[in-house]
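Input: a single structure, listed below in structure tokens.
The values are calculated or read from the model by the stated rules, or taken from the named source; none is laboratory data. Bear in mind the structure is a predicted one, so any value in this text is a computation, not a measurement. No Cβ is skipped: glycine too gets one built from the backbone with ideal geometry, and neighbour counts run over all protein chains shown. Heavy atoms of the whole protein, side chains included, go into the accessibility calculation; ligands, DNA and RNA do not. Shrake-Rupley method; radii C 1.70, N 1.55, O 1.52, S 1.80 Å.
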Amino acid sequence: RATAAGCRERDVHNYLLLLHARRSADPPLLAFLEGGAPPAGEAGGEVAAEAVGVGALATSGGATHYEPDYALRVCQRHGRRAACVRLYQLRGDCAEAVSLALDSGEVCLAKQSANLLPAGSPLRRRLWLQIARRVLCGRRSDSQYAQLEEAMEGAAAFAAPPGDEALRVRVREAVSLLEECPQLSIDLLLPLFP
């Protein structure tokens, strides 16, 4: 059992990372990647119980004790997309983080990744526009389609034209995006509407 006795061996941390990727829930894995112990009470299986106190060893003074490229390969191999997004964020590759988060349907993670860039950055604006495209006209999850259909059925009861409620939902989403990212403007979002 590894302990918090100051172990800085890269191989030990790489092995712990592998165990987390194979057997833990996302919160303990993400906590390990960021250098903290798994959150108290989180179900992370045996690995989380054994690694309490060891997660803090993953980083020390900003330096990781696991190999970042290895961590990314392991997380990709085990389908740990949230961890991959976090690793891209830690590397400073926000564009890749946003793209992967959107492909995973994790809009909140994509927004978080875009917000890591400086406020005036042209890349930040481009990433927020990519998020807006996905939110306003991109792929939606089945639950989002179900919510939209329910809203449209409710709108039909009030004799609203078909698609009218869907447009209202998109307008609300656009306003929300404009509030979240001041670099976006209505003229950038208008082409995304029919």
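Per-structure values
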item: Distance in nm between pseudo-label sites at H78 and L116 (7 Å out along the Cβ direction from Cα); result: 2.0 nm
item: At R0 = 25 Å, FRET efficiency that the Cβ-Cβ distance of E34 and L167 yields, to 0.05; result: 0.05
item: Residue-normalised accessible area of the stretch 72-131, given per residue in Å² at a 1.4 Å probe; result: 48 Å²
item: Under 13 Å, Cβ to Cβ, from L90 - net charge with Lys/Arg +1 and Asp/Glu -1; result: -3
item: Modelled FRET efficiency - R0 35 Å, E179 with D11, Cβ distances, 0.05 increments; result: 0.15
item: Around H65: net Lys/Arg minus Asp/Glu count, Cβ-Cβ under 12 Å; result: -1
item: Accessible heavy-atom area order of S176, S121, highest first, probe of 1.4 Å; result: S176, S121
